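The values are calculated or read from the model by the stated rules, or taken from the named source; none is laboratory data. Everything quoted here is computed from the prediction, not taken from an experiment. Note: ideal-geometry Cβ built from the backbone for every residue, glycine included; neighbour counts use all protein chains shown.
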Amino acid sequence: MIVMPGSRASTDLPRPFRPLASAPSMNAMHRVLDRRNPLWYAASVFLLNTRPLYQAFTFVERQVKHRLFGCRMCGQCALPVTEYACPMTCPKQLRNGPCGGVSVDGSCEVYPGMRCVWLMAFERADAEGHVGDMRRLQRPIDQRKWGQSSWVNYWHGDDEELFAVESEREPSLLTASESGESH
Ligand code: SF4
């Protein structure tokens with residue numbers, strides 16, 4: 001595992017975490033922090049080249065995001081497409097969920113009585129009219145980036161292609177002929 005100096009990966013066992021910040025407020029903040037603003041790219045380069053500042057910045061990010069979202073510092077943040085419900089707090093750490101073990105009452109299979117974090121994400125996305133985001137396939141994360149600043153990685157473009165492009169198409173099951181199966 002590659003961990004940037006001064007940062008560390010979380011070693012706690014993940015448990016579903018209900019975000020403490022509202023989706024509208026976080027979506028508004030994300031627009032301010034949009035990486036298309038060249039200022040943020042310049043800031044990321046500066047931080048990456050200034051080790052003590054990078055360490056301090058990562059420390060602050062850890063404190064803020066851990067309290068608000070249960071962030072575990074995977075370094076490749078999914079929050080903007082999961083309406084700020086962190087998928088790494090899923091005990092199975094699924095980046096595409098929910099799994100098939102969710103109870104009929106919405107409880108996590110691993111922690112009965114705790115609401116599945118992926119259901120929280122869908123509920124928040126539905127309330128915001130962002131369900132299309134939930135259809136975006138998330139690629140597996142790079143395990144070497146645990147402990148790094150996801151904000152710096154985002155601004156620097158190191159987590160590009162973390163998600164498939166948004167699709168308006170409703171997911172559907174392939175028929176046998178479409179999938180090329182023969183009987
Ligand atoms: S950086 Fe990773 S662990 Fe932290 S909130 Fe984002 S997805 Fe969750």
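Conditions tested, residue by residue: (1) more than 6 Å from the ligand (Cβ to nearest atom); (2) within 15 Å of TRP151 (Cα to Cα).
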{"residue": "LYS65", "(1), (2)": "no, yes"}
{"residue": "CYS71", "(1), (2)": "no, yes"}
{"residue": "CYS77", "(1), (2)": "no, yes"}
{"residue": "PRO80", "(1), (2)": "yes, yes"}
{"residue": "ALA85", "(1), (2)": "yes, no"}
{"residue": "MET88", "(1), (2)": "no, no"}
{"residue": "LEU94", "(1), (2)": "yes, no"}
{"residue": "GLY100", "(1), (2)": "yes, no"}
{"residue": "VAL104", "(1), (2)": "yes, no"}
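Restricting attention to region 19-58, the residues that are in contact (Cβ under 8 Å) with a residue 12 or more places away in the chain, within 16 Å of the ligand (Cβ to nearest atom), in a helix (DSSP H, G or I) and closer than 25 Å to CYS90 by Cβ add up to 5.
The criterion of at least 1 residues that are of a type in the set (S, T, N, Q) and either at pLDDT 85 or above or surrounded by 12 or more Cβ atoms within 10 Å (Cβ to Cβ) (or both) is met by the following helices (runs of 4 or more DSSP H) wholly inside region 108-183: 150-156. Tell me whether region 61-70 contains one or more residues that are in a loop (DSSP other than H, G, I, E, B) and not hydroxyl-bearing (Ser, Thr, Tyr). Yes: region 61-70 contains one or more residues that are in a loop (DSSP other than H, G, I, E, B) and not hydroxyl-bearing (Ser, Thr, Tyr).
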